[in-house]
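The values are calculated or read from the model by the stated rules, or taken from the named source; none is laboratory data. Since we're looking at a predicted model, the values are computed, not measured. Glycine also receives a Cβ, built like all others from the backbone with ideal geometry; neighbour counts cover every protein chain displayed.
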C-alpha cells in the first residue's frame, strides 16, 4: 500500500474558458472560470475550491504525500495550499508542487503524460515508488482513491460503470472506454468510441467501463513508457492512456480495472459549475477535515 498521490492541474482549461451557454453564473464565477485553473474555482459553500474536496477524500483514503502538477503561471495554487515548492503542511497532508513547463514552440501544455513525466523528473523518488494519479477537476470518492491505494496490482485504474455517471449521453459518448478480460485485466482503451464499438467492449457483467483518469502506477515499470510516449496525432498531446496501453503491451496482466459504480462530479466547462455546487451542497454540506 502506498501513500503518494499525483494530481494533474497544469492543463490549459481551454473548454472552461469558452463562452458559457448558460445564464445561471455570477460575474465572479465567470471571472474565476476564465482566469483560474479548474480545480481552484470556488464551488464550495464557503467559496473554497473543488480541489479542497478532492484533497479531503485523499486524506480520508490515507494518502499522505500529495504532488500537485501546476502550470508555469500556477502561483495561485501556492496561495491556497502552501508557499513552498515542497513539504507544505495542509490539514496534515504533505503537499509539493511540480511544474509542467510548455515546450518551446507550443502555446499549450503537451498533455497528461508529459505532465506526469515532468513531475517524476522533478521528484525522481517517485520512480522508485508506487503512486496514484488523478485529475484536479474531478471529485473522486474516498472509496475509489482507497481502492487505488490498496490494490496489489502493479498498475491499475478505476473502471467506472458508464450507466452510473450522471451526464448527458452525448457527453458520456466522448469518454474513453476500456476493454477488460474476464479477470478485469486491461486489454485496450478506445478514445471517442462509435456506437457500433460498444457491444465489443462490455465486461463480464455486461457493463461498459469508462476511465476517468484515476490510476495507480509502479514507478519503475512506467518511467520508460512515460519518457517515450508518442504524440497523439489527432490531439497533438502525449496522453496517459497511451502510456498505460504501452505498459500493458510490454507487461501483460499487470494492469487491472477496478470496477466502480458511482457518479464522478466533473468541472470541465462553465455549464458544470452549478451542477458541481449543487452536488457539494448535498453531499459535503460542511468541509470537515477532522472527521
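Below are the figures for this structure:
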{"quantity": "Residues being in contact with a strand residue (DSSP E or B) (Cβ under 9 Å, 6 or more places away or on another chain) and in contact (Cβ under 8 Å) with a residue 60 or more places away in the chain - total across the stretch 187-224", "calculated": "11"}
{"quantity": "Leading residue by the ranking (surrounded by the most Cβ atoms within 10 Å (Cβ to Cβ)) among those in the stretch 189-219 that are assigned to a helix (DSSP H, G or I) and either more than 19 Å from the chain's Cα centre (by Cα) or at pLDDT below 95 (or both)", "calculated": "201"}
{"quantity": "Given (1) assigned to a helix (DSSP H, G or I); (2) in contact with a strand residue (DSSP E or B) (Cβ under 9 Å, 6 or more places away or on another chain), number of the condition residue 170 does not satisfy", "calculated": "(2)"}
{"quantity": "Members of the stretch 151-171 found to be surrounded by fewer than 16 Cβ atoms within 10 Å (Cβ to Cβ) and under 30 Å from residue 275 (Cβ atoms), listed by number", "calculated": "163, 164, 166, 168, 169, 170, 171"}
{"quantity": "Conditions (1) in contact with a strand residue (DSSP E or B) (Cβ under 9 Å, 6 or more places away or on another chain); (2) surrounded by fewer than 19 Cβ atoms within 10 Å (Cβ to Cβ): number failed by residue 51", "calculated": "(2)"}
{"quantity": "Residue within the stretch 220-242 that is buried (at least 16 other Cβ atoms within 10 Å of the Cβ), modelled with pLDDT under 95 and under 24 Å from residue 57 (Cβ atoms) present", "calculated": "yes"}
{"quantity": "Among the residues listed as 252, 259, the single one being touching a strand residue (DSSP E or B) at 6+ places or on another chain (Cβ under 9 Å), modelled with pLDDT of 95 or more and surrounded by fewer than 18 Cβ atoms within 10 Å (Cβ to Cβ)", "calculated": "259"}
{"quantity": "Count - residues of the stretch 154-167 that are more than 30 Å from residue 127 (Cα to Cα) and either touching a strand residue (DSSP E or B) at 6+ places or on another chain (Cβ under 6 Å) or free of Cβ contacts under 8 Å to residues at least 12 places away in the same chain (or both)", "calculated": "1"}
